[in-house]
Amino acid sequence: VTIADVLPGMVMKSLGLLGVSLAFSTVVAVPLGLWTATRRRSGWSLLTILASIVGVSVPSFFAALLLQIGAIRLTQVLGRRVLPVGGFGWDRHIILPALVLAARPIAQIYRVTYVTISDVMEQDYVRTARSKGLRELIVLGRHVIRNAAIPVLTTIGMSLRFSLSSLPVVEFFFSWPGVGFTLLKSISRRDDNLTVALVLCLGVLFILVNLLLEVLYQ
């Protein structure tokens, strides 16, 4: 079996995991940051900021271990397996590894969204839009979100770096046969050709994401 035969399958498995985790991070973090920015003086704002600090600080391997212990404990309590703690599958198998990969990006995207939108909402052109009698949803859509989008998009792209750095550990913990898991195995076996091919794949993926962000900035 050649590298060209096994590489596409591994890349697709890792891309699927990264895509699910990054999509989940964005869907959760951006609305949450927008919601707390519009309620900056409430107790919920402080609570979510503290939670984001925890999310950034917890290492991926520790989060993976906690989720696996929690899934095993839940299985013991209910008497049936709710979530698998390892293995490959585009069903429930992807939930735990995607959650671990999404933890740090959620915290990072949330914090930048919160700070950026809070700053934009204090600008004069937002006050002018409100004084003209525009509805709050129109003000948010036309003036706040569009002007806060570039820092948020940049952070989403940077979150991919966090995910890529955590990918080998997460795939190893959950026995997800993707690029990261195979990279660790190839390094331990001193398979130089496979190691170089996998590292190049990760590099190309990062470049493509940066190109996509440049297009979205426009």
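Of all the listed residues (162, 174), the sole one being without any contact (Cβ under 8 Å) to a residue 60 or more places away in the chain and under 18 Å from the mean Cα position of the chain (by Cα) is 162. Total residues in region 114-152 satisfying the condition of being in a helix (DSSP H, G or I), open to solvent by 40 Å² or more (accessible area, probe 1.4 Å) and among the hydrophobic types (A, V, I, L, M, F, W, C): the figure is 5. Scanning region 76-86 turns up no residue that is among the small types (Gly, Ala, Ser) and touching a helix residue (DSSP H, G or I) at 6+ places or on another chain (Cβ under 7 Å). Filtering region 8-53 to residues that are open to solvent by less than 30 Å² (accessible area, probe 1.4 Å) and not hydroxyl-bearing (Ser, Thr, Tyr) leaves 10, 16, 17, 18, 29, 33, 37. Among the residues of region 110-122, the one identified as touching a residue at least 24 places away in the same chain (Cβ under 8 Å) and over 26 Å from residue 22 (Cα atoms) is 121.
Condition check: of a type outside the set (Val, Ile, Thr), closer than 25 Å to residue 32 by Cα, assigned to a helix (DSSP H, G or I) and in contact with a helix residue (DSSP H, G or I) (Cβ under 7 Å, 6 or more places away or on another chain). Does residue 213 satisfy that? Against the criterion (of a type outside the set (Val, Ile, Thr), closer than 25 Å to residue 32 by Cα, assigned to a helix (DSSP H, G or I) and in contact with a helix residue (DSSP H, G or I) (Cβ under 7 Å, 6 or more places away or on another chain)), residue 213 qualifies.
Please identify the pairs in which a residue from region 123-147 that is without any contact (Cβ under 8 Å) to a residue 60 or more places away in the chain has its Cβ atom under 7 Å from the Cβ atom of a residue that is among the small types (Gly, Ala, Ser) and open to solvent by less than 50 Å² (accessible area, probe 1.4 Å), counting only partners at least 6 apart or on another chain. Within 7 Å, the pairs are 139/129; 143/129.
The values are calculated or read from the model by the stated rules, or taken from the named source; none is laboratory data. It should be emphasised that the depicted structure is a prediction, and the values quoted were computed from it without experimental measurement. Heads up, the Cβs are rebuilt from the backbone with ideal geometry, glycines too, and the neighbour counts pull from every protein chain shown. Note: accessible area is taken over every heavy atom of the protein model, side chains too, but ligands, DNA and RNA are not part of it. Shrake-Rupley method; radii C 1.70, N 1.55, O 1.52, S 1.80 Å.
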